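Below: the structure, in structure tokens.
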Amino acid sequence: MSALLALDGVTVARGGRTVLAGADLQLHAGERLALVGPNGAGKTTLLRTLVGLERPSAGRVVAFGAERRTEVDFGTVRARAQLMFQDPDDQLFCPTVIDDVAFGPLNLGRKRDEAFAAARAVLERLGLVHLADRVTHRLSGGEKRLVCLAALIAMAPDALLLDEPTNDLDEENRARMIDILLRLDAALLLVSHDRDFLERIATRAVLLREGTVRPALVHRHVVTQEEIHIHGLDASHRHAEG
Amino acid sequence: MPAALGAAPVRVSFGIAALDPRTRLLGAFAGVLAVALLSSLWVLAAAALGTFALALAAGPGTAALMRRLVHLEGFMLVLLALLPFTVPGTPLFGAPPFVASAEGFARAVQILLKVNACGFLVFALLGGLEPVRIGAAALALKAPERLVQLFLLVVRYGGVLRAEAARLQEAMRARAFAPRASLTWSLHTWRTYGHMLGMVLVRALERAERVSEAMRCRGFSGRLPASAERPALGAADLAFALLLAAAILAAFAAEHLA
């Protein structure tokens with residue numbers, strides 16, 4: 001079966017530096033692919049290249065069965081493959097949460113009532129409907145990120161590209177994010193340094209290093225060790241040593 | 001003050017909060033236009049008094065009104081100090097080449113009254129509105145879409161940029177930076193502020209690029225989705241429009257008779 005999104009020997013330079021040098025990558029339907037690599041390896045650039053925010057100097061970007069070159073080509077790609085930016089403030093530009101979630105569907109040509117109903121339905125499905133009328137820039141960091149995710153899901157994408165999605169999430173919101181992602185039908189491409197998150201979610205992993213992509217493994221070892229945990233003084237569990 | 005608790009949330013006003021944002025926006029526009037066309041000092045003084053009363057009645061309290069006014073009156077002071085000396089006419093006091101003219105003084109008072117009347121009116125009508133609703137109302141009134149987009153983005157990102165600048169300043173202070181408060185700042189102080197300003201600008205530019213990219217990624221093609229719910233105008237809107245029209249007509253009539 002052909003991939004939803006693919007890079008074929010792609011080379012991309014940013015600011016005079018070659019970031020991707022003949023990188024290959026495939027994202028298939030139903031897959032949750034982890035993209036790992038050191039800081040500055042070009043993970044974000046790779047995501048941006050897939051939706052046409054960076055143009056390769058060599059190689060091909062193939063999305064949904066066709067090679068994509070121009071801004072018009074990528075317009076159709078962006079309707080089906082959604083990118084989550086690292087900083088939620090870049091993404092949430094509408095005054096209120098519901099406006100922001102409805103923004104994408106409206107751009108897809110949905111009627112106003114439909115778009116808002118769809119936005120509300122997504123917020124409800126993700127358990128975020130209480131935020132609907134909040135002003136976006138007054139949300140907490142974790143809430144902002146979850147609202148961003150809702151805004152992308154409202155586009156009913158076939159693929160979601162997430163750049164550090166668990167940044168600034170507390171335990172509760174992080175668990176929520178994982179729960180939401182595991183229930184999605186869309187293929188996921190995950191860039192993260194959060195090993196535990198990747199280990200729980202990813203079905204496959206690749207490593208980006210020195211501009212090329214190679215297969216990798218994300219797996220869990222059983223390790224017996226002391227665990228640091230923090231809770232309030234009214235913890236419901238007992239400790240062995242009182 | 002336990003006695004006040006029960007009555008706290010309801011604020012008595014002339015019902016400006018009950019008006020549709022479109023009415024308020026149009027009212028402010030009509031009022032400001034009328035004030036701009038008036039010239040008699042007495043009529044303008046009456047307009048300033050009337051709008052001041054309106055602002056007091058509608059506004060978020062005297063203290064907040066005064067805080068907003070401070071910004072305005074700073075400019076007015078400069079005007080009041082300079083205009084009498086720059087408009088030629090009957091000398092009032094001073095010695096050449098610095099002579100204050102009666103005409104200049106009258107002009108300064110006229111502008112002072114006009115600006116204050118307009119300011120009061122805008123505070124009264126628009127001060128209590130969320131910027132979002134002002135934007136929606138402007139769109140509903142067929143204001144240029146680009147202008148409304150710009151307005152809403154400024155509202156949205158002004159805070160983000162301010163927070164960024166504040167973080168930079170905190171980081172500077174955390175590394176023991178203290179601006180030299182001498183008459184001429186030290187070169188280091190100037191250079192540091194230069195760097196900070198440059199950094200704020202560069203980051204704002206980059207942020208603008210990322211925001212635009214994020215919008216394109218969600219299919220944005222240059223048009224904002226139309227504004228939210230648009231209820232019909234009510235009796236309050238009609239009453240307000242009639243009152244305002246009567247006040248404006250009265251002001252012009254008074255000016256003609258004077």
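The values are calculated or read from the model by the stated rules, or taken from the named source; none is laboratory data. None of the values given here were measured: they were computed from a predicted structure. Virtual Cβ from ideal backbone geometry, glycine too; neighbours counted across all protein chains shown. For accessibility, only protein heavy atoms count, side chains too; no ligands or nucleic acids. Shrake-Rupley method; radii C 1.70, N 1.55, O 1.52, S 1.80 Å.
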Long-range neighbours under 9 Å by Cβ, at least six apart or interchain, first residue of a type in the set (Phe, Trp, Tyr) within the range B:241-253, second exposed (fewer than 13 other Cβ atoms within 10 Å of the Cβ): B:PHE252/B:LEU37
The range B:160-182, subset within 13 Å of chain A (Cβ to nearest Cβ) and open to solvent by less than 30 Å² (accessible area, probe 1.4 Å), residue nearest to the chain's Cα centre (by Cα): B:VAL160
Residues satisfying the stated conditions in the range A:46-61, i.e. assigned to a helix (DSSP H, G or I) and open to solvent by less than 10 Å² (accessible area, probe 1.4 Å): A:LEU46, A:LEU47, A:THR49, A:LEU50
Whichever residue in the range B:102-144 is within 19 Å of the chain's Cα centre (by Cα) and of a type in the set (Phe, Trp, Tyr) and, among such residues, is surrounded by the most Cβ atoms within 10 Å (Cβ to Cβ): B:PHE120
Residue within the range B:217-224 that is open to solvent by 50 Å² or more (accessible area, probe 1.4 Å) and either modelled with pLDDT under 85 or not assigned by TED's automatic domain parsing to the domain that holds B:ALA163 (or both) present: yes
Single unsatisfied condition, B:LEU150 versus (1) within 13 Å of chain A (Cβ to nearest Cβ); (2) of a type outside the set (D, E, K, R); (3) in contact with a Lys or Arg (Cβ under 8 Å, 6 or more places away or on another chain): (3)
Qualifying position, being in contact (Cβ under 8 Å) with a residue 60 or more places away in the chain and either open to solvent by 20 Å² or more (accessible area, probe 1.4 Å) or touching a helix residue (DSSP H, G or I) at 6+ places or on another chain (Cβ under 9 Å) (or both), among B:THR90, B:THR23, B:THR86: B:THR23
Residue among A:VAL72, A:VAL61 that is farther than 28 Å from A:ASP196 by Cβ, away from chain B (no Cβ under 14 Å) and either of a type in the set (Ser, Thr, Tyr) or more than 13 Å from the chain's Cα centre (by Cα) (or both): A:VAL61
Selection within the range B:191-222 - part of a helix (DSSP H, G or I) and facing chain A (nearest Cβ under 10 Å): B:GLU206, B:ARG207, B:ALA208, B:GLU209, B:ARG210, B:VAL211, B:SER212, B:GLU213, B:ALA214, B:MET215, B:ARG216, B:CYS217
Residues located in the range A:106-129, provided they are at the interface with another protein chain (Cβ under 9 Å from one of its Cβ atoms) and not in a loop (DSSP other than H, G, I, E, B): A:LEU106, A:ASN107, A:ARG112, A:ALA115, A:PHE116
Some residue of the range A:78-97 being in contact with a Pro (Cβ under 8 Å, 6 or more places away or on another chain), within 22 Å of A:ILE178 (Cα to Cα) and open to solvent by 30 Å² or more (accessible area, probe 1.4 Å): yes
The range A:191-220 residues that are in contact (Cβ under 8 Å) with a residue 24 or more places away in the chain, paired with ones that are surrounded by 13 or more Cβ atoms within 10 Å (Cβ to Cβ) and polar (S, T, N, Q) (beta carbon under 8 Å, 6 or more apart): A:VAL191/A:THR44; A:SER192/A:THR166; A:ASP194/A:THR166; A:PHE197/A:THR166; A:LEU198/A:SER192; A:GLY211/A:THR11; A:GLY211/A:THR18
Number of the condition not met by B:VAL132 [criteria: (1) within 13 Å of chain A (Cβ to nearest Cβ); (2) more than 22 Å from B:ALA241 (Cα to Cα); (3) in contact (Cβ under 8 Å) with a residue 24 or more places away in the chain]: (3)
